[in-house]
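Encoded as structure tokens, the structure appears first; notes follow it.
Computed from the coordinates by the stated procedures, all read-outs in this text should not be read as laboratory data. All figures in this text were calculated on a predicted structure; none of them were measured in a lab. When we count neighbours, we look across all protein chains shown, and the Cβ atoms used for this are built from the backbone with ideal geometry, even at glycine.
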Amino acid sequence: MNAVDIIVKKRDGGELTAEEITFFVHGFVHGDIPDYQVAAWAMTIYFQGMTDAETTTLTQAMAASGDQFGLHDSLPPGTIIVDKHSSGGVGDKTTLAVGAMVAACGLPVGKMSGRGLSFTGGTIDKLESIPGWSPNLSEAHFRRQLRDIGLVIAGQTSNLAPADKTLYALRDVTGTVPSLPLIASSIMSKKLAAGADAIVLDVKCGHGAFMETLDGARALARLMVAIGARAGRQVVALITQMEQPLGRAVGNVLEVQEAIATLRGEGPPDFQLLVMALAVEMLLLGKQAHSHHEAEAQLSRAVQSGEALAKFTQFVVAQGGDPHKVEHPDALPRAPITLAAPAPHDGYVESLLAREVGLACVDLGGGRHKKDDPIDHRVGVMVNAKVGDAVKQGDPLCVVHAADEAAGQAAVARILAAYGLRTDPTPPLPMVYERVAA
Ligand code: URA
């Protein structure tokens, strides 16, 4: 077997065998197949696609290329490990609220999360807004915290699916990122390696998402569900709206404050709705509830009783964070400048381009232009007017939190250009489009 024959076979539309895929992945992880052949192979997959069986083999080979976590021995017998993954969006602080609510209902959540990528935020960056909080945990710490508290969120270890790291870096610079089998295998390989029995996927769809059309998001969701089924894992995907930012807060500190407000039952309605929908799916997959209704009742109780917020506080403390900042989120660091973006005329909000708001937040310093850029956790945007809202001329459509006046003015201009106002009423956007299961 050799790399060229495998590239040629895929180039000509052939279906690769499990041995060929495994040989190729093993070859590039161990340095036997050079980057240029890996890049060529990715391009053949981009053009020729893969069958579900090929994509599953690729996923499993990448999952097996590094550490594989088995968390069952840290948990009571019979516990179903349920993970959650978002395909990335703007204002997406869902994991913070969902994790605490689900854990407060008795289902342990042990997750590895990532940092922001391009215009999308990352869970680890958001949590690092809390002074002292750290994502760097030893395996022993991770297991102990999962057992004792039931909620852990750590950074990805460097040896989690290293084949995906190599392939992703090459895809990034060879125009081969937007390929369904390559995206699906990239996401699912990390979830399988992290040891989940069941996975709830939040597949974002719209202007602020990787998949801009419902057809694209549906195809990605179906493929990931199929990979899960073939790999013996239960996967449920919700396809959710990402045309406008989720909730009101975009930016690290602002999003942590909004997640805490949501755990107090005071979150923005669209965000509360999404959090509930994802958390319900997790409780059902984890067999903590027998029906949708029962799961919702448990989750509402966890919020109303204060247990969900208490779980979040315990989790923050266990990872070195300051509990005072959870009890008093207004004490988190604040940007020195706030500037409102005024509505240019009366009307109804017809659109608010999420990606533009995400990019404005990156430009403010809340995200990275280059991989190792430091970020300013304080900056961001609070969205006041969302699609469907009526506004009067001069009303603040949003408030920009900036490190200085010039950066703030630039963000205001960019966000004003991202708003579409019309004179006729516009309906609000739906939050969840579809549910995809095996
Ligand atoms: N997220 C991933 O982890 N991989 C992709 O290919 C795309 C999004």
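What the table shows:
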| item | result |
| --- | --- |
| Longest exposed-site-free window of the chain, the sites being trypsin sites (Lys or Arg not before Pro) in a DSSP loop that have at most 11 other C-beta atoms within 10 Å | 1-369 |
| Whole-Hz ³J(HN,Hα) from phi, Karplus 6.51 cos²θ - 1.76 cosθ + 1.60, for the stretch 362-367, glycine and proline x | 4, 4, 5, x, x, x |
| Local electrostatic count, Leu238, Cβ distance below 11 Å [Lys/Arg +1, Asp/Glu -1] | 0 |
| Whole-Hz ³J(HN,Hα) from phi, Karplus 6.51 cos²θ - 1.76 cosθ + 1.60, for the stretch 419-432, glycine and proline x | 8, x, 10, 9, 7, 8, x, 10, x, x, 7, x, 9, 10 |
| Cα gyration tensor shape of the stretch 72-328, rounded if a/c is under 1.5, else prolate or oblate by comparing a/b with b/c | rounded |
| Amide H partners (placed H, <5 Å) of Val109, local residues excluded | Leu151, Val152 |
| Structure-based [θ]222 nm, the chain - -39500 (n - 2.57) summed over DSSP H runs of at least 4, per residue, nearest 500 | -13500 deg cm²/dmol |
| Highest-fluctuation residue, Leu16, Leu201, Leu192 considered, GNM on the chain with Cα pairs under 10 Å | Leu16 |
| Distant-in-sequence amide H partners of Lys84 (H built 1.01 Å from N, under 5 Å) | Val200 |
| Amide H partners (placed H, <5 Å) of Met211, local residues excluded | Gly206 |
| Selected from Gly132, Gly367, Gly121 as most flexible by GNM, with the chain as the system and alpha-carbon contacts under 10 Å | Gly132 |
| Net charge contributed by nearby residues that have their C-beta within less than 10 Å of Met282 (K/R +1, D/E -1) | -1 |
| Descending principal axes extents, the stretch 3-49, alpha-carbon based, whole Å | 26, 21, 15 |
| Relative contact order (%) - the chain, alpha-carbon pairs under 8 angstrom, separation at least six | 20 |
